[in-house]
Each structure stands twice: as C-alpha cells, then as structure tokens.
Amino acid sequence: MTGESWREAAVGIMRTKSIEQSIRDTEEPEFRLSKSLGPLDLTVFGIGVIIGTGLFVLTGEAAAGYAGPAIALSYVVAGLACALAALCYAEFASTVPVAGSAYTFSYAALGEFVAWLIGWDLILEFTLGAATVAKGWSGYFVSVFKGLGITVPPGLYAAEPDSAISHDWLAVLVILGMTVILVIGIKLSSQFNQVITAIKVLVTLFIIGFGVWFIDAANLTPFIPAPAPGEEAYGTALDAYLLPSILGIDTIYGITGIFTGAALVFFAYIGFDIVATTSEEARNPQRDIPIGIFASLGICTVLYILASVVFTGLRPYKELATAAPAATALENTPFPAAQLVVSAAILVGLTVVVMILMLGQSRVAFAMSRDNLLPRGLARVHPSFRTPYRITIITGIVASVLAFFLPLTTLGELVNIGTLSAFVLVSIGVLVLRRTRPDLPRAFRTPLVPAVPIAAASLCLFVMGFLTIGTWIRFLAWMALGVVIYFAYSRGHSRLGREGSSED
C-alpha cells in the first residue's frame, strides 16, 4: 500500500458516528423499538442479572481458594470498580440513548474500529455467558427435583457435565423458552423479570436474615487469612494470574487473595451495563437510565457484602468450594428445608440471568447490524412485537447449540475480562467526548472529570491483572478473530463508510 492508502485506511477505521445520527437511526420505521421501560423496569433488569451465578456459585469458590472471609472485601473492591465505571456509563447512556451500550458509546467517541472490537467482545460475553448459565440451570433443576424426591431421567441432562460429550436438553429448553419471551416483547420480558427478581431478592434477604442467627464467629477469624503458597491453586502456567506472576507473587489469601477474589467475583456484578443496552427502549432515558444503573448496582452491592459474610460465617470457608455454596452453608443450620428453598431460588435466579444475557446480546448485535457492521437484515424488528426478532432467534439457536454440546466449564473469567475491557473504553470515551463535543447536552454528568474516568479505567485494568494468563490468551485470540472479520467484511460494508463515499 502507498503512504496515501495507509492514511485513507487509518482514517476509515477511526471514523466516528455522530450522536445525532445514532439517535436519528432509532426513528427509522423498520428499526424502531418499543419505548416501554420505566425506572423500575430498568432497575429490576439490572438486579435480575446481577444477582445470580456470581453470588450463588462464585462466592464459594473465591472464598475457599483465594480470599477466605475477606471475600466481603473482594466484593467491595469489585463494587468500587463498577461504581466508578457506572458514573461514566450513566453519562454516556443518558447522552446517547441508543441500543448497543459500550459499542454505541465507543462508536461516537473512539471510532468505528474500536467500536467493532468492543461489540465483538460483548457478543462473546453475552452469548457464551447465557449458554454457560443455562448449563448451570440444568444442574440446579435436577438438584431441586432430587430434593423433592423426583428423579429426572439422565437422558434429559448432562449426567457428567465435565465429560467431552455433554448433551443437555434441559439447557436447550430454558434458552428456547427465554427466546420466545424476548421475541414476544420487551414489556413481557420486563414483567416476567420483575416477578422472578422479586422472588430472588426475597430469598437472598431470607438467607441473610435467617443465616445471621447461626453464624459461628470462629469461622470469621482471621478475617483475612495469612498468605499461603499458591502453586497448588495455580496448576499450570496458564492458570497463574497475570499481575502477581509479573511481580513474582505466588501466594493465595492475604491482600493478594482479596484482589484475586475481586477478579473472580466481578462476574457477580455483570448486569448494570445491561441497563445501558436497553436505553433505546426507555420512556425517558435521560432520567431513567442513570436511576436504573445506580439503583441496581447499589442494592446488589449491599446484598453481596452481607451474604458473603453470612456464607463464610456459617461454615469454614475452605468447605464452600461446591456447586451451591449457599446451600452448603445452610447445612450448618438446624433447618434442612432451607437448603431446598435456596436451591429453588438459584434455579429461578439463573432463569432470569439467561434471559437478560440474551437480551443484552441481541441489542448489541442489533446496533451493529443497523450500522452494517453485521448483515443489515439481522436488525429488522418484528412488525407486531417491535423487537429485533431475527437476531434474538439466532442468539437463542447459537446459545442452545453451545449449551447442548459443550461441557460445563468455568467461563466466568473470560466474561470478566471482556466486561472490564468495555468499562475501560467507556471511561476513556467520556474524556474523549468531553473534549470533542463539549457543547453536547448531558442529562447526567460524570463528576470530578478527569479524575473519576481515569480512576475507573485504572482500577478496572488493575483488576484485569488478577485474571489468569490463559484467560488473557483466549481473550486476545477471540479479539484477533474479530480483527480479521472487520477487515474482511465489516469495514467494506460499514454504513458510515458508504455514506461518506457517496458524499465524496
């Protein structure tokens, strides 16, 4: 390529989509979504996906293997990172009330190539996340029925979830059920979510209020366990954590364990950014999106800290590395029936998580298709339901296939690194947009700029450093594939690029 060609290519991938154009796109009849969500709907959407796998599964693993009772402090660290990022998300979401979340924000502030990468990243996060949670849902379904004395036929689920062949009809069933609900309409999805989320929050409060009476103070001492060698926890070199490895630290527990625990339980906070993906369907996004983000994040942070103290107070932390740590903790109470209640709540909670992860994926892909970075036909909305039914159905099919064939593996860290990278870009984007568009009306303004965005990006990068080397390699491989697809298809089909060419 000549020097001029390189310059043209560089300009092409850095082109930004104006906020005014993004908002105009939402008014096109063939792509117009139903605006039916209020602040309560948005808050419940956030809580619905936040409380789930993280609290009910990863808390036990992180406490047993890395942080001990100090897992409560891990939730504080992860919550602080999310709170700082949320301040940046709120400014973007209220200023750019368009489907797509971090993808749309990045397109406006950082350019098309960065927007594509973060959209590609979110596709990985939401689709694989939904498939994995559905696989976990299947296991809890069997567990609940077993508690009721009913045996589920082994042919319906993966009797050995870690085996190479792991056919799971129950996981497919829950994904297809959630697909139908999402296609029928966002308001039905919201109403369904409100009912189940209310049950889930009540049961979480029950666990805290009931379990606190049976806490053994000895289980909480020492609150921060002394550092211990980490070789056994790490396993292979790919299982080692990036930043501790660079610094020559090979311990678990102690202060290092708190941050490692934060990197693991960060999965528990994934959800408040889902609120931003639905901003195009909010009745008053400038007011309601910030409310939904901060309310869902604040409520869940308090519940997480209290629940983690109860879990580790009921049972020695090293005994919590089970598939259902909440139920395991409640075994130490004189009421065995509480375990069945908790397992049922987990089953209900994971149902909502599957639905909202699919919702987030469909909205991100919808925005990318509308921009022609993915085939434009995928962005068509249903004439009656006003939902992006094509991309929703495709998401359901892909997630079902993954859940049916793949073994149950821990994808939490891969989801975490994708989410944290999105938070970093959104935080940087606030600084860029403040400089390039200082005149833009902002219903919510991030306070203490540039300090808050810089702190948000720095803390998220720091937490990313406590993810495994293997996670970083898999993430970079997925992103490399995204780069290939962008230059092979998306760059040439980009709606913004074609409009620029026609004007020339």
Practice task
State the percentage of accessible surface on the range 443-504 attributable to carbon and sulfur atoms; use a 1.4 Å probe and exclude ligands, DNA and RNA.
Solution key: 69
Completion exercise
Taking a probe of 1.4 Å and leaving out DNA, RNA and ligands, the range 388-490 shows per residue an accessible area in Å² of 44
Completion exercise
Taking Lys and Arg as +1 and Asp and Glu as -1, residues besides Asn332 with C-beta under 13 Å from its C-beta add up to -2
Problem - Principal axis box of the range 47-121, alpha-carbon based, largest edge first, Å - result: 43, 23, 22
Exercise for the section: Using a cut-off of 13 Å between beta-carbons, work out the net charge of the residues near Val265 (Lys and Arg +1, Asp and Glu -1, Val265 not included). Expected result: -2
Exercise for the section: Ratio to report: Rg/Rh of the range 362-475, with Cα atoms as the point set and Rh obtained by the Kirkwood method; give two decimals. Expected result: 1.07
Practice task
Any chance you could list P(r) for the range 244-398, counting all Cα-Cα pairs in 10 angstrom bins from zero, rounded to whole %?
Solution key: 9, 26, 27, 22, 14, 2
Practice task
Give the calculated FRET efficiency between Ala217 and Val401 to the nearest 0.05, with a Förster radius of 51 Å applied to their Cβ-Cβ distance.
Solution key: 0.55
Handout entry: Nonlocal amide H pairs with Thr251, under 5 Å, H built at 1.01 Å
Key = Gly230
Handout entry: Fraction of accessible area attributable to carbon and sulfur, the range 284-342 (%, probe 1.4 Å)
Key = 69
Problem - Cα→Cβ-extended label distance, 7 Å offset, between Thr151 and Leu247, nm - result: 5.2
Handout entry: Net charge over other residues, Cβ less than 11 angstrom from the Cβ of Phe475 (K, R count +1; D, E count -1)
Key = -2
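Given 20 °C and 1.002 mPa s, compute D for the range 312-422 with the Stokes-Einstein relation, Rh being the Kirkwood radius over Cα pairs; round to the nearest whole µm²/s.
For the chosen part, D equals 124 µm²/s.
The values are calculated or read from the model by the stated rules, or taken from the named source; none is laboratory data. These numbers were taken from a predicted model, which means no experiment stands behind them. Here the Cβ is made from the backbone with ideal geometry for all residues, glycine too, and neighbour counts use every protein chain on show. The accessibility values were calculated without ligands, DNA or RNA, using every heavy atom of the protein model including side chains. Shrake-Rupley method; radii C 1.70, N 1.55, O 1.52, S 1.80 Å.
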